[in-house]
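The values are calculated or read from the model by the stated rules, or taken from the named source; none is laboratory data. Everything numeric in this text was worked out from a predicted model, so none of it was measured. We place every Cβ from the backbone using ideal geometry, glycine too, and count neighbours over all the protein chains shown.
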Amino acid sequence: MRSWCLAIFSSLFALSTTVAVAAGPQPEIRREPFPAQTPGQVHTIRIIPETCTYLQGGFVADIAAPYRYGAASTGKRCQPRARLVDPVKAKPSAESGWILNDLIRIPNAACPAQQAVIRVWRKPANNIPPPADAQGRPRIYLEDAKRQAAAGKIAPLTQYTAVLAMEGDCR
């Protein structure tokens, strides 16, 4: 009896891991779905501090595009350490070096069968810190940075992008 139960458990475990792999990459950030959002109300989706932006959106009365979202700046004094790029140009996928950073589900309060799904992708830059100076600290000197920028040798920045998909229908 015990070996039979163990065989069933191991089969179910193998099946569940196969389903998880088939579902696609798992996000780095795990979160519950948002509370249902009322159409016409703009809400903050996510703040991306590295890019000095936050994503905001809302459900609208347009059947063809029932959810709209965009990015807004967090402030003029913020110094971005990464870039937020257009998802159409970036074409994020795990095969092209992008990492699924966050999966955000936002249900529509007027139509429980419908939800906006936003996938935030991150493409890390393989930046190497500068070598240590005479005092043992890695530093970037302004004149050296200006020369590198003039020569077009600026280190790449980490990139973020957000892709919207709608699930469910309210027609």
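So if I check each of Ala71, Ala110, which one is in contact with a strand residue (DSSP E or B) (Cβ under 6 Å, 6 or more places away or on another chain) and not acidic (Asp, Glu)?
Working: Ala110 fails: in contact with a strand residue (DSSP E or B) (Cβ under 6 Å, 6 or more places away or on another chain).
When all the criteria are applied, what remains is Ala71.
Which numbered condition in (1) over 28 Å from the mean Cα position of the chain (by Cα); (2) surrounded by 14 or more Cβ atoms within 10 Å (Cβ to Cβ); (3) among the basic types (Lys, Arg) is the only one that Arg139 fails?
(2)
Scan Ala145, Ala150, Ala110, Ala134 and give me the residue that is in contact with a Pro (Cβ under 6 Å, 6 or more places away or on another chain) and either among the aliphatic types (A, V, I, L, M) or under 28 Å from Glu95 (Cβ atoms) (or both).
The unique qualifying residue is Ala110.
Cβ-Cβ distance below 9 Å, separation of 6 or more or different chains: which pairs start in segment 122-151 with a residue that is under 30 Å from Arg46 (Cβ atoms) and end on one that is part of a helix (DSSP H, G or I)?
Arg122/Glu50; Lys123/Ala90; Lys123/Ser96
Picking from Ala61, Ala145, Ala132, Ala110, which residue would you name as being surrounded by fewer than 10 Cβ atoms within 10 Å (Cβ to Cβ) and either within 20 Å of Pro33 (Cα to Cα) or over 20 Å from the mean Cα position of the chain (by Cα) (or both)? Even if it seems obvious, please write down each step before you answer.
Details: Ala145 fails: surrounded by fewer than 10 Cβ atoms within 10 Å (Cβ to Cβ); Ala132 fails: surrounded by fewer than 10 Cβ atoms within 10 Å (Cβ to Cβ); Ala110 fails: surrounded by fewer than 10 Cβ atoms within 10 Å (Cβ to Cβ).
Result: Ala61 is the single residue among Ala61, Ala145, Ala132, Ala110 that is surrounded by fewer than 10 Cβ atoms within 10 Å (Cβ to Cβ) and either within 20 Å of Pro33 (Cα to Cα) or over 20 Å from the mean Cα position of the chain (by Cα) (or both).
Filter segment 149-171 down to the residues that are at pLDDT 85 or above and either at positive phi or surrounded by 11 or more Cβ atoms within 10 Å (Cβ to Cβ) (or both) and list them by number.
Listed by number, the residues that qualify are Leu157, Thr158, Gln159, Tyr160, Thr161, Ala162, Val163, Leu164, Met166, Glu167, Gly168.
Tell me, yes or no, whether segment 62-74 has at least one residue that is under 18 Å from Glu167 (Cα atoms), modelled with pLDDT of 95 or more and β-branched (Val, Ile, Thr).
No, the conditions are met nowhere in segment 62-74.
Give me the pairs, please: first residue somewhere in segment 77-92 and on the phi > 0 side of the Ramachandran plot and of a type in the set (Lys, Arg), second residue anywhere and surrounded by 13 or more Cβ atoms within 10 Å (Cβ to Cβ) and part of a loop (DSSP other than H, G, I, E, B), beta-carbon distance under 9 Å, and either six or more positions apart or on two chains.
Within 9 Å, the pairs are Lys91/Trp98.
With respect to the numbered conditions (1) in contact with a helix residue (DSSP H, G or I) (Cβ under 7 Å, 6 or more places away or on another chain); (2) within 25 Å of Glu32 (Cα to Cα), which one is the sole condition not fulfilled by Arg83?
(2)
Only one of these is of a type in the set (Gly, Ala, Ser), touching a residue at least 24 places away in the same chain (Cβ under 8 Å) and touching a His at 6+ places or on another chain (Cβ under 8 Å): Gly97, Gly57. Name it.
Numbers: Gly97 fails: touching a His at 6+ places or on another chain (Cβ under 8 Å).
Every option except Gly57 fails the conditions.
I'm told Gly70 meets every condition in (1) touching a residue at least 24 places away in the same chain (Cβ under 8 Å); (2) part of a strand (DSSP E or B) except one. Can you identify the failing condition by its number?
(1)
Working only within segment 110-137, note down all residues that are at pLDDT 95 or above and among the aliphatic types (A, V, I, L, M).
Once the filter is applied, which keeps residues that are at pLDDT 95 or above and among the aliphatic types (A, V, I, L, M), segment 110-137 yields Ala116, Val117, Ile118, Val120.
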